[in-house]
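Chemist: First the structure, then my questions, so here it is.
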Amino acid sequence: QVQLVESGGGWVQPGGSLRLSCAASGRIFSINSMGWYRQAPGKQREFVARIFSGGRPNSYSGSVQGRFTISRDNAKDTVYLQMNNLKPDDTAAYYCNIDGRRFDRSDFDSWGQGTPVTVSS
């Protein structure tokens, strides 16, 4: 079982910054990609950003491009989301998602429990 633990959410004023973290644990052999999604109240979950192994460029949604940066620490099996110039529309629960392969060669696709981000004055 691969488990993801998120942290870093909270309340921030418009224009402020937050950094989310998501650490994976378990018998992980390799990670293919790591991503962030968000779900605002009453809305569907939407893609935010994703980072890939093997040199493929990072991917961002148009609404966060230029404000958010996704990064990873391979040694810690951790993905980060640096969020700058936050707007009220960024208010949502943020979920990380990681896919890869376990040591027993089975594939996994795991989700975190979500961390809330509130942007308001």
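The values are calculated or read from the model by the stated rules, or taken from the named source; none is laboratory data. What you see is a predicted model, and the numbers here were worked out from it, not measured in a lab. Positions of Cβ are generated from backbone atoms using ideal geometry, with glycine treated the same way; all protein chains shown enter the neighbour counts. All accessible areas refer to the heavy atoms of the entire protein, side chains included, with ligands and DNA or RNA removed. Shrake-Rupley method; radii C 1.70, N 1.55, O 1.52, S 1.80 Å.
Chemist: Which percent of the accessible area of the chain is formed by carbon and sulfur heavy atoms (probe 1.4 angstrom)?
Modeler: Here carbon and sulfur together make up 45 percent of the probe-accessible area.
Chemist: Separate question: What list of ³J(HN,Hα) values in whole Hz, one per residue of region 85-95 in order, does the Karplus curve 6.51 cos²θ - 1.76 cosθ + 1.60 (θ = phi - 60°) give from phi, with Gly and Pro shown as x?
Modeler: 6, 5, 10, x, 5, 7, 4, 4, 8, 9, 10
Chemist: Using θ = phi - 60° and the Karplus curve 6.51 cos²θ - 1.76 cosθ + 1.60, what whole-Hz ³J(HN,Hα) does each residue of region 64-81 get, with Gly and Pro shown as x?
Modeler: Residue by residue, region 64-81 yields 10, 3, x, 10, 10, 9, 9, 8, 9, 10, 5, 5, 9, 6, 10, 10, 10, 9 Hz.
Chemist: Accessible area per residue of the chain at 1.4 Å probe, in Å²?
Modeler: Numbers: 6470 Å² over 121 residues.
Per residue, the chain has an accessible area of 53 Å².
Chemist: Also: Going by amide H atoms built from the backbone, whose H comes under 5 Å of the H on residue 48, apart from near neighbours?
Modeler: Hits under the 5 Å cutoff: 36, 37, 38.
Chemist: Now a separate question. With the crude spin-label approximation of a point 7 Å out along Cα→Cβ, what separation in nm comes out for residue 45 versus residue 11?
Modeler: Here the answer is 2.7 nm between the modelled labels.
Chemist: Right, next: So what's the gap between the Cα centers of region 47-121 and region 1-44, to the nearest angstrom?
Modeler: 5 Å
Chemist: On the full set of protein chains, 1.4 Å probe, figure out the accessible area of residue 70 and give it in Å² to the nearest 10.
Modeler: Residue 70 exposes around 10 Å² with every protein chain in place.
Chemist: Still on this structure, I have one more. Using a 1.4 Å probe and ignoring any ligands, DNA or RNA, find the accessible area of residue 101 and quote it in Å² to the nearest 10.
Modeler: Using a 1.4 Å probe on the heavy atoms, I get roughly 100 Å².
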